[in-house]
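Structure first, commentary second.
The values are calculated or read from the model by the stated rules, or taken from the named source; none is laboratory data. All values reported here derive from a predicted model rather than from experimental measurement. Cβ sites come from the backbone with ideal geometry, for glycine too, and all protein chains shown count toward neighbours. SASA here: full protein model, heavy atoms, side chains in, ligands and nucleic acids out. Shrake-Rupley method; radii C 1.70, N 1.55, O 1.52, S 1.80 Å.
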Amino acid sequence: NPIRWWTVNLNAVIIYQTIKGAAAGVTIDQHTNIHEIETTNQIILSKTWSAELDGFFPGGQTFGQSKNSAIYNISAGLQKSILQGQGTVRFNVNDISKGLNMTGQTLGINGVTAFNTRQTDSRWIGLAFNYRFGKTANARKRNDSGSAEDEKGRTN
């Protein structure tokens with residue numbers, strides 16, 4: 001945690017991949033790196049308010065005969081605890097900058113040139129309300145009798 005009120009989780013994936021093979025006169029001998037970075041930032045604004053900012057950043061990737069451009073996703077949310085902590089209201093936005101659109105091309109097939117574009121409507125806004133019914137987990141009555149008492153009850 002860089003600061004008491006800020007929690008950061010950062011994940012990085014780095015993969016070196018080799019693909020070798022042949023089919024229908026097409027030979028593939030491919031060596032490629034794949035990398036992705038994902039981060040989650042949780043920020044406590046007050047006793048009842050918190051925020052979250054998430055990012056997902058996979059680089060351009062090549063898999064077999066398909067090469068795709070880099071994409072990214074940035075999402076954010078705001079949360080308010082209400083009703084003495086029994087309820088929560090959340091507001092979320094996904095893909096703020098519409099970074100999940102991708103271009104790609106087909107590689108290594110003799111006489112074929114193919115390009116593709118994926119445009120998705122991945123941006124969404126959500127509003128949610130949660131309410132916790134019942135008692136909290138710490139309020140449950142615990143059975144403090146020892147295991148010897150349990151065994152005695154089963155044998156009689």
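Between D121 and Y16, what is 0.36 nm times their sequence separation minus the Cα-Cα distance? Round to one decimal in nm. Walk me through the numbers before you get to the answer.
On the way: separation 105, 0.36 × 105 = 37.80 nm, distance 3.14 nm.
Here the segment from D121 to Y16 would lengthen by 34.7 nm.
Full extension of the chain between A76 and H31 yields a length gain of 12.6 nm, computed as 0.36 nm times the residue separation minus the alpha carbon distance. With the cut-off at under 15 Å, measuring from each backbone N in segment 61-94 to a point 7 Å along the Cα-to-Cβ line of T48 picks out 79-90.
Students sometimes get this wrong: rank K80, K98, K20 by accessible area, probe 1.4 Å, all chains present, largest first.
In descending accessible area the options line up as K20, K98, K80.
Label positions at V89 and T106, each projected 7 Å from the Cα along the C-beta direction, are separated by 5.2 nm. Sorted largest first, the spans of the alpha carbon positions of segment 58-106 along the three principal axes are 56, 19, 12 Å.
So how do I74, I37, I14 rank on accessible area, 1.4 Å probe, biggest first, that is with the largest at the start? Numbers along the way, then the final one.
On the way: I74 55, I37 80, I14 145 Å².
Result of the area sort, largest leading: I14, I37, I74.
Taking Cβ atoms as reference points and 15 Å as the exclusive limit, the residues near L100 contribute a net charge of -2, counting Lys and Arg as +1 and Asp and Glu as -1.
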